[in-house]
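Any read-out appearing in this document is the output of simple, stated calculations on the displayed coordinates, not a laboratory observation. Please read all numbers here as calculations on a predicted model, not as lab measurements. FYI the Cβ positions are ideal-geometry reconstructions off the backbone, even for glycines, and counts take in every protein chain you see.
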């Protein structure tokens, strides 16, 4: 009789797990509207901050120098056999060097 209780308990546990996976699967298939973040128009609220932060710093000479410095630092780390930190620095430097493409493709999901 004890084994039948164990079997029922195991089946109940498996049923709970399968129900949880079904709910998770259904949640993954649920779609929402996504809207890309647009560049603010000239004269609108916070355009000056966007212009200074993105156009003049990130896409300007400061961002380029920072990207090149990251690549040099990643090369130094790779020479010292610090591969994992070097990979992270390379990714960050690549984002800085290709900031114009990153800024154009980055969007915000609005639910």
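Output needed: percent of Cα pairs per 10 Å distance bin for the stretch 52-96, bins running from 0 to the one holding the longest distance.
That works out to 33, 43, 20, 4, in percent per bin.
On a full-extension model of 0.36 nm per residue, what is the gain between residue 102 and residue 44, subtracting their alpha-carbon distance, rounded to one decimal in nm?
Difference between extended and current length: 18.6 nm.
Once fully extended, how much extra length lies between residue 94 and residue 55, figured as 0.36 nm per residue of separation less the alpha-carbon to alpha-carbon distance?
Computed gain between residue 94 and residue 55 is 12.3 nm.
Sorted from fewest to most neighbouring beta carbons within 10 Å, what does the list 57, 79 look like?
By the 10 Å Cβ count, ascending: 79, 57.
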